[in-house]
1. Going through the range 148-203 one residue at a time, which ones are among the basic types (Lys, Arg), crowded, with 19+ Cβ neighbours inside 10 Å and under 30 Å from Glu281 (Cα atoms)?
2. Can you tell me how many residues in the range 13-52 are over 23 Å from Lys305 (Cβ atoms), surrounded by fewer than 18 Cβ atoms within 10 Å (Cβ to Cβ) and touching a residue at least 60 places away in the same chain (Cβ under 8 Å)?
3. Restricting attention to the range 116-126, does a residue exist that is charged (D, E, K, R), in contact with a Lys or Arg (Cβ under 7 Å, 6 or more places away or on another chain) and either in the same structural domain as Ala36 (by TED's automatic domain parsing) or touching a residue at least 40 places away in the same chain (Cβ under 8 Å) (or both)?
4. What is the number of the single condition among (1) β-branched (Val, Ile, Thr); (2) under 24 Å from Trp126 (Cβ atoms); (3) in contact with a Pro (Cβ under 9 Å, 6 or more places away or on another chain) that Ile297 does not meet?
5. Could you grab me the full set of residues in the range 132-147 that are among the polar types (S, T, N, Q) and either in a helix (DSSP H, G or I) or crowded, with 19+ Cβ neighbours inside 10 Å (or both)?
6. With the condition kept exactly as written, say whether any residue in the range 67-85 is assigned to a loop (DSSP other than H, G, I, E, B) and either outside the structural domain of Asp243 (by TED's automatic domain parsing) or surrounded by fewer than 21 Cβ atoms within 10 Å (Cβ to Cβ) (or both).
7. Counting only residues that are assigned to a helix (DSSP H, G or I) and closer than 21 Å to Glu40 by Cα, how many does the range 204-261 have?
8. Against the conditions (1) of a type in the set (Phe, Trp, Tyr); (2) in a helix (DSSP H, G or I); (3) more than 14 Å from the chain's Cα centre (by Cα), where does Tyr287 fall short? Just the number, please.
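The values are calculated or read from the model by the stated rules, or taken from the named source; none is laboratory data. Keep in mind the model is a prediction, meaning the values are calculated, not measured. Counting neighbours? That spans all protein chains shown, and the Cβs are built from the backbone with ideal geometry, glycine included.
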Amino acid sequence: MVRVAMVVTNACAPDPRVLRHAVWMQEAGYRVTVHAFDREEGHPMSENHRGVRVMRYRVGRVPYGGTVSTYRGIRRFLRVVERTLANDPPALVYCHDADTLRVGIAMKKTHNVPFVFDMHDLQHTWVRYAAPQSNLRALASRRLKQRMLQRAAEAAVIITSSQQVKTEGRRGFVEWLAHHGLEGHSVENRPLPPFGERKVEPLTDWTVGYLGRVRDLKSFELLIEAVKALPPAQRPKIRLAGDGTAASRVRAMLMDEVERGTLEAEVTGAFTQSELPELIETIDVMYAMYAPLRGNILQGALPVKMFDAAAQGVPSVVNHDCLMGDVAVEEGLGTTAPWGDANAIGEALLRVKETVVELGATGERERQRWLEAMKPVMDGLQ
């Protein structure tokens, strides 16, 4: 059986996009191994997911974020993966995100192995996230972008996660790549059926949820302001579930408000993908707003949580004036609000609290898109 090596710099525990594409590859008749980086050294070294082997590497505990120690840790992981693959080369390397491209380049150069680049987002923008005004970080971001574009040009095919949805609308990552002379194929992060229980319209009390990685304090400061801007009798409960670099500070902020009696909140930590449907069943509106200072937001990022929520009938409130807003409005998945306007966000939350939405296009459509994009590559592996 033809072997495929996927590479990702997280623990894949889980990474739904990585596992989804790995399973599609396995179902197409290939033997797939995901080479993943267990930065926190807390996951099984080897695991089987629907016929896909997830092989996790430990090279010392490494923090998430844009620190020097993060990048050094990633380099150590990638060097080990390169040596592993060089000892027994696969037929194809599948690089998830820009930081794994060096493995694809190395295997192509030394063993003539083709590689696929799956650009989940614009990874070079992350380095600016902690200090967007920093000239040093801006320089580092430009260099990472240029290196990514040079390496991506060597890929057999580029897959990414968004594209423009209307002629005069905001651009997605396919258009961003085209602007830089590269062809990309959009495969969005939409869930596959079966889905969890669908939303039931709230009788009186209602809940706004944020379920996922907690990275940005400002998003939650805005949410708290938005809820407090509503009349007390109309305020929703806030449901937060997830971990991340800002999780402890956001938890503290919410608990301070609860102690003051200004709002009601429930906060829990990380959850598994199998637990997500039950969490969505507890909320009436998904909050999916992000600081636009990260290039990803204005240049085409689509929040997975918007699609996951819609699969169970739950509407989302997302950023205005960007692609996610276009998708939410065009497909009727929720509504938008301008970043930074707490009153407008509160009104948007209130406006959709009783709305039940329908996710028309699911992961089944994305699977067909992926198969079409991958066909030339897979034909060459036969």
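1. Arg190, Lys199
2. Within the range 13-52, residues that are over 23 Å from Lys305 (Cβ atoms), surrounded by fewer than 18 Cβ atoms within 10 Å (Cβ to Cβ) and touching a residue at least 60 places away in the same chain (Cβ under 8 Å) number 1.
3. Step one: of the range 116-126, the residues charged (D, E, K, R) are 118, 121.
Within this subset, residues satisfying the condition of being in contact with a Lys or Arg (Cβ under 7 Å, 6 or more places away or on another chain) are none.
Scanning the range 116-126, I find no residue that is charged (D, E, K, R), in contact with a Lys or Arg (Cβ under 7 Å, 6 or more places away or on another chain) and either in the same structural domain as Ala36 (by TED's automatic domain parsing) or touching a residue at least 40 places away in the same chain (Cβ under 8 Å) (or both), so the answer is no.
4. (3)
5. Asn135, Ser141, Gln146
6. Narrowing the range 67-85 to residues assigned to a loop (DSSP other than H, G, I, E, B): 67.
Cutting the leftovers down to either outside the structural domain of Asp243 (by TED's automatic domain parsing) or surrounded by fewer than 21 Cβ atoms within 10 Å (Cβ to Cβ) (or both) gives us 67.
Within the range 67-85 (the criterion being assigned to a loop (DSSP other than H, G, I, E, B) and either outside the structural domain of Asp243 (by TED's automatic domain parsing) or surrounded by fewer than 21 Cβ atoms within 10 Å (Cβ to Cβ) (or both)), the answer is yes, since at least one residue qualifies.
7. Keep residues of the range 204-261 that are assigned to a helix (DSSP H, G or I), which gives 217-228, 232-234, 247-260.
Checking the rest, the ones that are also closer than 21 Å to Glu40 by Cα come to 247-249.
Number satisfying all stated conditions: 3.
8. With (1) of a type in the set (Phe, Trp, Tyr); (2) in a helix (DSSP H, G or I); (3) more than 14 Å from the chain's Cα centre (by Cα) applied to Tyr287, the lone miss is (2).
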